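See structure below.
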Amino acid sequence: MNILQKICFVLLLTTFSSVYGWDCFKDKNIDNCSVKAEQGNAESQYHLGVMYQRGDGVFRDYNEAVKWYRKSAEQGHSDAQYNLGIMYERGHGVPQDYKEAVKWYKKSAEQGESLAQYNLGVMYERGDGVPQVHKEAVKWYKESAELGHSGAQYNLGIMYERGYGVLQNYKEAVKWYTKAAEQGLSGAQYNLGVMYERGHGVPQDYNEVVKWYKKSAEQGHSSGQFNLGLMYERVHGVPQDYKESVKWYRKSAEQGHSEAQYHLGVMYERGHGVLQDYNEAVKWYRTPAEQGHSEAQYHLGVMYERGHGAPQDYNEVVKWYRKSAEQGNASAQSNLGVMYENGQGVPQDYNEAVKWYRLAAEQGDASAQSNLGGSYAKGLGVHQDYKEAVLWYRKAAEQGHSGAQYNLGVMYDEGRGVVQDYKEAVLWYRKAAEQGHSGAQYNLGVMYDEGRGVVQDYKEAVLWYRKAAEQGHSGAQYNLGVMYDEGRGVVQDYKEAVLWYRKAAEQGHSGAQYNLGIMYDEGQGVPQDYKEAVKWTRLAAEQGHSGAQYHLGNNYRKGQGVPQDYKEAFKWTRLAAEQGLPQAQFRLGVMYSKGQGVHQDYKEAVKWYRKVAVAIVEEQSKNKGVLLTLAIIGLILIVFLRWVYRLIRKIILGRVHKEQEREKEQVHREQERQCCREKERQEPDQSRKKREKPKNSNEKKRSYEEILGLSSGWTKSDLKSAYRNKCQQTHPDKWKDFPEDIAQRLEEEYKEVQEAYKYLSKK
């Protein structure tokens, strides 16, 4: 028997035994199969094993399945060998044993069984039961793939795509993905879509991408569903359709695909393809965030920060930003820095803020670069360094960050960290302004208004003021009001001026509040209304606006819009004067000179007039001459008033003095008469004795004791006390206004007192 005859015999025998054994399996007759199996029929043994494995016509029994698979396998039955390999791989009916699995897979594979070849390739790829050898894996995948096994074709495509066991070859990868995809394998369809999207092994073709993603998605492949959603969102290969995008995101998300869950959250947050629903957004962000999805964690933090779909909670904000930041998410790092800088959800810590800003900035995050520049400019968490500030502002500005462009403009405008350059300032202000940055629009308006870095152009100034004002920038609203008030760049229009002043004033802009008060005061653009004028002027004055303080003082002085009150007028005028406002200083001088709301004080008046004079010398404004005239008039007035005051005072005091002299003379005369009557009652001898000098020391002593009014046994303390009393009674200065004869007599008595004290002190 030749080789060909042997082959034919084997095929015939196999066919016969297969048919013979199949009957029992088809009929699910366990008895028939058992009989034939017991007789040694390999096909019946195999099918009996399948019946026990599946529980077809008999109770499932893995042990019996293994028993009959083994009998059949040992006879060379390839399917039995393959199934026995599966039982060992899964540990069904036998202890799990990858080596035994490989052994039986190999026997089956060598007989050309594609399933066994595929599984054997998997074992070599994973290193289960054999050393991991990618080349062997490729060998067996290829054999199985060429027999049409879709799984092997798919895996072989992966090996070529990644360069595992073979040289990386995208074309070969595409070839095998295509074969598997055309057999309906969803994973291969998805991967084939990826190859077309990336242009690997084939020209990039979004139509093909969408085609294969859709085939994969329709079979429930979660990644295919997600990617198809992306195509509809990003307009690749299909018209943009947010509803379709949401549809496929949802299908994928419901299978637990974290990227799809995150993107579905984004769609709900933005209201794309669905009604905007922050609660749903938070729901879909939370699931992937809890699984460690950094973008979802970041967005969940944003929702908590804004109070969208969840209560505003800075602790939760910090928690989610930190989780994302620690994974390297630059946006989360930047925002976490902001939380530390502002002390929200964490204690304020500028060093920590700088740490997170820097991590994000070094990744190229423009917001972080701008914030890091701000830290250097302000010296928060780092040493103040304008050059470093400029460096980081520039990095962010060159990426188009409007805030950084604005700040870089400010640095050039003020000459901080760079040489002052108004043209460069204008350049950066313009870049930010064209992106809608209100601060930059306002500053650009100022540059045109003042002609710095550009040719002065009031119309351009108005244009940029208006853009910023319409965004609610109070400074721009105020300046736009001024332009309408003064008719610069626009036709003068007091009503428009009032409109813009009011908008700025309602935001608390003190200059606008003051100017609005003036408009009401003067009846420009609005009916004259002193009460409204006082209302707005007071708001500005309470913020420290010197002009408003001065005008409020005038309102109280004149009684316009408020009851006349000089004390209140003085209070507000003084506050303005202390800020250096010349008009207020002059008015304060007038109030001191007239005694309005304060005690009349010419020295204080002169002090404030002098301040006005000094200010005028230094002042280089158009109103200099007027103020100087007022100051001179004030000084002349104060000199004149002081002269008048002294003249009147002299006249009045002269009259008062003459009247006092007359009253004193009458009193002296009455005292003299009383004194004379008293002297007459006294003995003449006694009076003379006091005036006569004693002849001996004892008499002299007694005489001096009588003069001082001392009794016998006096002490030095008594002497001093008596001396002080007599001095007070007889001192000439006390009686200098008395008539001359009386004064002379008292002077003689004073001398006697002095002589008596001098004599007795020596005793």
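If you check Gly328, Gly400, Gly374, Gly364, which single one turns out to be under 16 Å from the mean Cα position of the chain (by Cα) and of a type in the set (Gly, Ala, Ser)?
Values: Gly328 fails: under 16 Å from the mean Cα position of the chain (by Cα); Gly400 fails: under 16 Å from the mean Cα position of the chain (by Cα); Gly364 fails: under 16 Å from the mean Cα position of the chain (by Cα).
From the options Gly328, Gly400, Gly374, Gly364, the qualifying one is Gly374.
Residue by residue through the stretch 272-297, note down the ones that are free of Cβ contacts under 8 Å to residues at least 24 places away in the same chain and over 17 Å from Ala310 (Cα atoms).
Leu275
Determine which member of the set Tyr52, Tyr69, Tyr82 is closer than 15 Å to Ala116 by Cα and out of contact with any Ser or Thr (no Cβ under 8 Å at 6 or more places or on another chain). Quick ask: steps written out before the conclusion?
Values: Tyr52 fails: closer than 15 Å to Ala116 by Cα; Tyr82 fails: out of contact with any Ser or Thr (no Cβ under 8 Å at 6 or more places or on another chain).
Just a single option satisfies the conditions, and that option is Tyr69.
Find all pairs meeting these conditions: Cβ atoms under 9 angstrom apart; at least six residues apart or on different chains; first residue within the stretch 81-106 and farther than 13 Å from Arg70 by Cβ and at pLDDT 95 or above; second residue hydrophobic (A, V, I, L, M, F, W, C) and outside any helix (DSSP H, G or I).
Tyr98/Val130; Lys99/Val130; Val102/Val130
Could you tell me whether Gly271 is more than 35 Å from the chain's Cα centre (by Cα) and of a type outside the set (Phe, Trp, Tyr)?
no
For Ala330, indicate whether it is touching a Leu at 6+ places or on another chain (Cβ under 6 Å), of a type in the set (A, V, I, L, M, F, W, C) and under 23 Å from Tyr406 (Cβ atoms).
Numbers: touching a Leu at 6+ places or on another chain (Cβ under 6 Å): no; of a type in the set (A, V, I, L, M, F, W, C): yes; under 23 Å from Tyr406 (Cβ atoms): yes.
Answer is no for this residue.
Could you check how many residues of the stretch 480-512 are in a helix (DSSP H, G or I) and within 20 Å of Ser438 (Cβ to Cβ)?
Qualifying residue count, the stretch 480-512: 17.
Condition check ((1) at pLDDT below 80; (2) outside any helix (DSSP H, G or I); (3) closer than 23 Å to Tyr88 by Cβ; (4) out of contact with any helix residue (DSSP H, G or I) (no Cβ under 9 Å at 6 or more places or on another chain)) across all residues:
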{"position": "Asp23", "(1), (2), (3), (4)": "yes, no, no, no"}
{"position": "Asp31", "(1), (2), (3), (4)": "yes, no, no, no"}
{"position": "Leu48", "(1), (2), (3), (4)": "no, no, yes, no"}
{"position": "Gln53", "(1), (2), (3), (4)": "no, no, yes, no"}
{"position": "Val58", "(1), (2), (3), (4)": "no, yes, yes, no"}
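So which residues in the stretch 227-242 are farther than 21 Å from Glu182 by Cα, assigned to a helix (DSSP H, G or I) and touching a residue at least 12 places away in the same chain (Cβ under 8 Å)? Break it down into steps so the answer makes sense when it comes.
The first filter runs over the stretch 227-242 and keeps only residues farther than 21 Å from Glu182 by Cα, leaving 229-236, 238-242.
Still in the list and also assigned to a helix (DSSP H, G or I): 229-234, 242.
Passing the criteria: Gly229, Leu230, Met231, Tyr232, Glu233, Tyr242.
If only one of Leu120, Leu156, Leu185 is closer than 23 Å to Val209 by Cβ, in contact with a Lys or Arg (Cβ under 7 Å, 6 or more places away or on another chain), among the hydrophobic types (A, V, I, L, M, F, W, C) and surrounded by 21 or more Cβ atoms within 10 Å (Cβ to Cβ), which one is it? Show your work before the answer.
On the way: Leu120 fails: closer than 23 Å to Val209 by Cβ; Leu185 fails: in contact with a Lys or Arg (Cβ under 7 Å, 6 or more places away or on another chain).
It is Leu156.
Considering the stretch 560-608 alone, what residues qualify as being within 17 Å of Asp521 (Cβ to Cβ), part of a helix (DSSP H, G or I) and among the hydrophobic types (A, V, I, L, M, F, W, C)?
The answer is Ala569, Trp572, Ala576, Ala584.
Which one of these does Arg306 not meet: (1) free of Cβ contacts under 8 Å to residues at least 12 places away in the same chain; (2) over 25 Å from Gln333 (Cβ atoms)?
Result: Arg306 passes all but (2).
Of all residues in the stretch 170-224, which are among the polar types (S, T, N, Q), within 28 Å of Lys139 (Cα to Cα) and in contact (Cβ under 8 Å) with a residue 24 or more places away in the chain?
We begin by selecting, within the stretch 170-224, every residue among the polar types (S, T, N, Q); these are 178, 183, 186, 189, 191, 204, 207, 216, 219, 222-223.
Subset that is within 28 Å of Lys139 (Cα to Cα): 178, 183, 186, 189, 191, 216.
Scanning the stretch 170-224 gives Gln183, Ser186, Gln189, Asn191, Ser216.
Could you check the stretch 67-88 and list, in sequence order, the residues that are surrounded by fewer than 21 Cβ atoms within 10 Å (Cβ to Cβ) and closer than 17 Å to Gly129 by Cβ?
Listed by number, the list holds a single entry, Ile86.
Just one of the numbered conditions (1) within 37 Å of the chain's Cα centre (by Cα); (2) small (Gly, Ala, Ser); (3) at positive phi is not true of Gly229; which one?
It is condition (3) that Gly229 fails.
Among the residues that make up the stretch 145-153, is at least one of them at pLDDT 95 or above, within 55 Å of the chain's Cα centre (by Cα) and within 30 Å of Val66 (Cα to Cα)?
yes
So which residues in the stretch 577-599 are in contact with a helix residue (DSSP H, G or I) (Cβ under 7 Å, 6 or more places away or on another chain) and over 14 Å from Tyr550 (Cα atoms), if there are any at all?
Tyr592, Ser593, Gln596, Gly597, Val598
How about the stretch 315-383: which helices (runs of 4 or more DSSP H) wholly inside it have at least 1 residues that are touching a helix residue (DSSP H, G or I) at 6+ places or on another chain (Cβ under 9 Å), among the aromatic types (Phe, Trp, Tyr) and farther than 21 Å from Val410 by Cβ?
Numbers: elements: 330-342, 350-361, 366-378.
Helices (runs of 4 or more DSSP H) meeting the threshold: 330-342, 350-361.
Per-residue answers, yes or no, for (1) in contact with a Lys or Arg (Cβ under 9 Å, 6 or more places away or on another chain); (2) surrounded by fewer than 24 Cβ atoms within 10 Å (Cβ to Cβ):
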site: Tyr514; (1), (2): no, no
site: Arg538; (1), (2): no, yes
site: His551; (1), (2): no, no
site: Phe570; (1), (2): yes, yes
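Do you know which residues across the stretch 184-206 are in a helix (DSSP H, G or I), within 45 Å of the chain's Cα centre (by Cα) and of a type outside the set (Phe, Trp, Tyr)? Before the answer, list the steps.
Of the residues in the stretch 184-206, the ones in a helix (DSSP H, G or I) are 186-198, 206.
Then keep just the ones that are within 45 Å of the chain's Cα centre (by Cα); that gives 190-191, 193-198, 206.
Within the stretch 184-206, Asn191, Gly193, Val194, Met195, Glu197, Arg198 qualify.
The values are calculated or read from the model by the stated rules, or taken from the named source; none is laboratory data. Bear in mind that the values here come from a model prediction, so they are computed numbers and not experimental data. All Cβ positions, even for glycine, are placed from backbone atoms using ideal geometry, and neighbour counts span all protein chains on display.
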